[in-house]
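The values are calculated or read from the model by the stated rules, or taken from the named source; none is laboratory data. Fair warning: this is a prediction, and the values are worked out from it, not measured in the lab. Here the Cβ positions follow ideal geometry from the backbone for every residue, glycine too, while neighbour counts run over all protein chains shown.
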Amino acid sequence: MNKSFATLLVFIFSLTTAYAQDKGVLSGNLQSNYSVFLKDSLIGATESASPQYGRQISSAETWLFVNYDIKGWHFAARYDLFNNSNLLNPSGAYTGQGLGFWQIKKSIGDLEITAGSFYDQFGSGAAFRAFENRLIGIDYAMEGVRVKYNVTDNLAVKAFTGKQKGAQVNRFETSPQVIKGVNAEQSLRSQDGGILNLGVSAVNRTLDENTMTDIVTQINGQPLEDRFYPKYNVYILNGYFNASYKDFAFNGEYNYKTEEAINNNSGNALINRDGSLLLGGISYSKRKLGKDKKAGLGVNLQYRRIENFPLTVSPFVNLALLQGVYTYQPSLSRQASYRMLARYQAPAQFSGEQGIQAEVIYSFSKKTNITLNYSDIQDLNGQRLFDEKFVQLEHKISKKWKGKVGVQMVTYNQAVYEGKDPKKTDNVETLTPFGEVTYKINRKNSLRFESQMLNTDQDLGSFYHGILEWNSSPKFTIAVSDMVNTNPVRIVNDQLADQVLHYPSFFVKYNVRTTSFTAAYIKQVEGVVCTGGICRLEPAFSGLRFTLTSQF
């Protein structure tokens, strides 16, 4: 099938080039990764964690994306390659190659028609989102047909039907379940500058016969009081709004899911439950405060409640690997860029959670600002899952020097987020002071030093992480770092060496116009890795990584 699609696209490209008076526009990009796995039993980077350490030794992934636009037509195709890759499953090895994405799109007046693969979302993405997050192996593209019609300049309606691609067993096949959806969005503006966007959506997923057979078989194996009649179809209804007026902005969304067969919290039985997701937020932003009009204030508050809301192609997908998900539920906690501050994050719990996040940023002047952030997440029974208290002060000392200091305190339910044994796993309590200083040598060169100290008596114990980075714009970036397990604890993972462990890294990046080359030696501790708010648990890594990215 993939070969047929590839042949079709090549034929279309050739045909349009032949008859067109203009040459059209060709663009694209390439990303290629290559990893070498170096066994390190001290940190747990062994064959039991990933088969590459004992067998394949290396892995590769490549994506070549090509776009071609001519006379109102848009053609796109992406070639994907995976060789002994653990990107899709951090503890496995996958090999496959083929057409990972293909698309033909045409606009006819106010109507846009898309056939093939596409990415899209309704509202915040809670009811439906098809997207890609390449860094952790996610590709939730839909394969089917989508239409969008602009009824007026302020009212648009779109609808689609298709199947989700990117199965873990075969990356280039689609799941057999059919997903359909329709969305309408209206934009309103007032004369005094107020803006209101309103939207409604409906999404339907229909199970295939084989999946239904498996569901019935499992239900029949459960006690009589736990049995129920499963349904082929599940429906999601969604309504949302975004509004802004002067210095304020508001958003809200409610999603309801009809009853379907889902896994219970233990994952050993199916239950019949409907579900819901509610989220809302308010923000305030004001510049030129104070007598001298140099201060500024930004405030943001978010709330979310989830109950039995796993939107997956079937109840048999592996949620730990983020398989078969067609909803977007990012972590409610603050997204951190520092390694120690990002060590304990809070992946959204599909079965149920409720939480808030509040952030205040106050700028004393263009040189100095302070950030305060607080998040609190609990399950629906009131059990603490996660909370974070964060403060950061950033100051531009002079034209040459700038820096930041801060502290983070976290409570993290490791048993829930990482599936550890609750009998020997206490909540992780951390205190992490951090700092960063940057020295601008000249217009092109700068040095940056980053320091963090994570203190805890749980999990693997305390860590220190330091990094020194040299940037020579626009050509080079060189960084050397070390993360040291300064106070080892081995209660939850007695497979690691009971000693002070080092996780050094060395990174080099070289840019040539629109092409970048990177090479890195990395040792990475086991833990939850988050990218763009989407998180998953990954084993320890030890080895070399090379990347090539280019745009044309």
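The residues in segment 337-356 that are touching a residue at least 40 places away in the same chain (Cβ under 8 Å) and within 19 Å of T432 (Cα to Cα) can be counted, and the count is 9.
Return the residues of segment 398-443 that are acidic (D, E), farther than 17 Å from E388 by Cβ and surrounded by fewer than 18 Cβ atoms within 10 Å (Cβ to Cβ); say none if nothing qualifies. Correct list: D421, D426.
When the residues of segment 439-457 are filtered to those that are part of a strand (DSSP E or B) and more than 29 Å from the chain's Cα centre (by Cα), which remaining residue is nearest to D482 (Cα to Cα)? Out of the qualifying residues, it is L447. Taking segment 467-499 as the range and being surrounded by 15 or more Cβ atoms within 10 Å (Cβ to Cβ) and either without any contact (Cβ under 8 Å) to a residue 12 or more places away in the chain or acidic (D, E) (or both) as the test, the residues that pass are E469, D482. Count of segment 393-408 residues, restricted to those that are of a type outside the set (A, V, I, L, M, F, W, C) and either over 23 Å from L341 (Cβ atoms) or not in a strand (DSSP E or B) (or both), is 3. Of all residue pairs spaced 6 or more apart or on separate chains, those with beta-carbon atoms under 8 Å, a first member in segment 412-424 that is under 15 Å from D379 (Cβ atoms) and a second member that is among the hydroxyl-bearing types (S, T, Y) and crowded, with 18+ Cβ neighbours inside 10 Å are Y412/Y344; Y412/T430; Q414/T425; A415/T425. Just one of (1) without any contact (Cβ under 8 Å) to a residue 60 or more places away in the chain; (2) farther than 22 Å from S175 by Cα fails for T217. It is (2). Scanning segment 59-106 for residues that are of a type in the set (K, R), outside any loop (DSSP other than H, G, I, E, B) and farther than 16 Å from E132 by Cα returns K105, K106. Given the structure, is T368 under 30 Å from F463 (Cα atoms), of a type in the set (S, T, N, Q) and in contact (Cβ under 8 Å) with a residue 24 or more places away in the chain? Taking the combined requirement at face value, the residue satisfies it.
Residues in segment 298-315 that are surrounded by fewer than 22 Cβ atoms within 10 Å (Cβ to Cβ) and among the hydrophobic types (A, V, I, L, M, F, W, C): V299, L301. Within segment 517-541, the only residue that satisfies the criterion of being among the hydroxyl-bearing types (S, T, Y) and over 23 Å from the mean Cα position of the chain (by Cα) is Y521. When Q323, Q354 are checked against the criterion of being among the polar types (S, T, N, Q), surrounded by 19 or more Cβ atoms within 10 Å (Cβ to Cβ) and under 18 Å from G275 (Cα atoms), a single residue qualifies: Q354.
Of the residues making up segment 444-454, just one is surrounded by fewer than 17 Cβ atoms within 10 Å (Cβ to Cβ) and either aliphatic (A, V, I, L, M) or within 13 Å of T432 (Cβ to Cβ) (or both), namely L447.
Residue-wise test of (1) loosely packed, with under 15 Cβ neighbours inside 10 Å; (2) outside any strand (DSSP E or B); (3) in contact with a Ser or Thr (Cβ under 7 Å, 6 or more places away or on another chain); (4) at pLDDT below 95.
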{"residue": "S124", "(1), (2), (3), (4)": "no, yes, no, yes"}
{"residue": "L135", "(1), (2), (3), (4)": "yes, yes, yes, yes"}
{"residue": "V145", "(1), (2), (3), (4)": "yes, no, yes, no"}
{"residue": "K148", "(1), (2), (3), (4)": "no, no, no, no"}
{"residue": "D153", "(1), (2), (3), (4)": "yes, yes, no, yes"}
{"residue": "K158", "(1), (2), (3), (4)": "no, no, no, no"}
{"residue": "T161", "(1), (2), (3), (4)": "no, no, no, no"}
{"residue": "Q168", "(1), (2), (3), (4)": "no, yes, no, yes"}
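Check segment 372-388 and report whether any residue there is touching a Pro at 6+ places or on another chain (Cβ under 8 Å) and assigned to a strand (DSSP E or B). No: segment 372-388 contains no residue that is touching a Pro at 6+ places or on another chain (Cβ under 8 Å) and assigned to a strand (DSSP E or B). Taking the criterion of being closer than 15 Å to H465 by Cα and surrounded by 19 or more Cβ atoms within 10 Å (Cβ to Cβ), the only residue of segment 326-337 that qualifies is A336. For R334, the stated conditions do not hold, so it cannot be described as under 23 Å from the mean Cα position of the chain (by Cα), of a type in the set (K, R) and part of a strand (DSSP E or B). Filtered by the rule that a residue be within 25 Å of the chain's Cα centre (by Cα), under 23 Å from L460 (Cβ atoms) and among the small types (G, A, S), segment 45-67 gives A45, A49, S50.
One residue stands out in segment 380-397 among those that are touching a strand residue (DSSP E or B) at 6+ places or on another chain (Cβ under 6 Å) and within 17 Å of E353 (Cα to Cα): the one that is surrounded by the most Cβ atoms within 10 Å (Cβ to Cβ), namely F386. Among the residues examined, A520 qualifies as without any contact (Cβ under 8 Å) to a residue 40 or more places away in the chain and crowded, with 16+ Cβ neighbours inside 10 Å. Pairing each residue of segment 302-329 that is in contact (Cβ under 8 Å) with a residue 40 or more places away in the chain with any residue that is of a type in the set (V, I, T) and in a loop (DSSP other than H, G, I, E, B), provided the two are 6+ apart or on different chains, yields C-beta distances under 8 Å for F309/T327; P310/T327; L311/T327; Q323/V317; G324/V313; G324/V317; V325/V317; Y326/V313.
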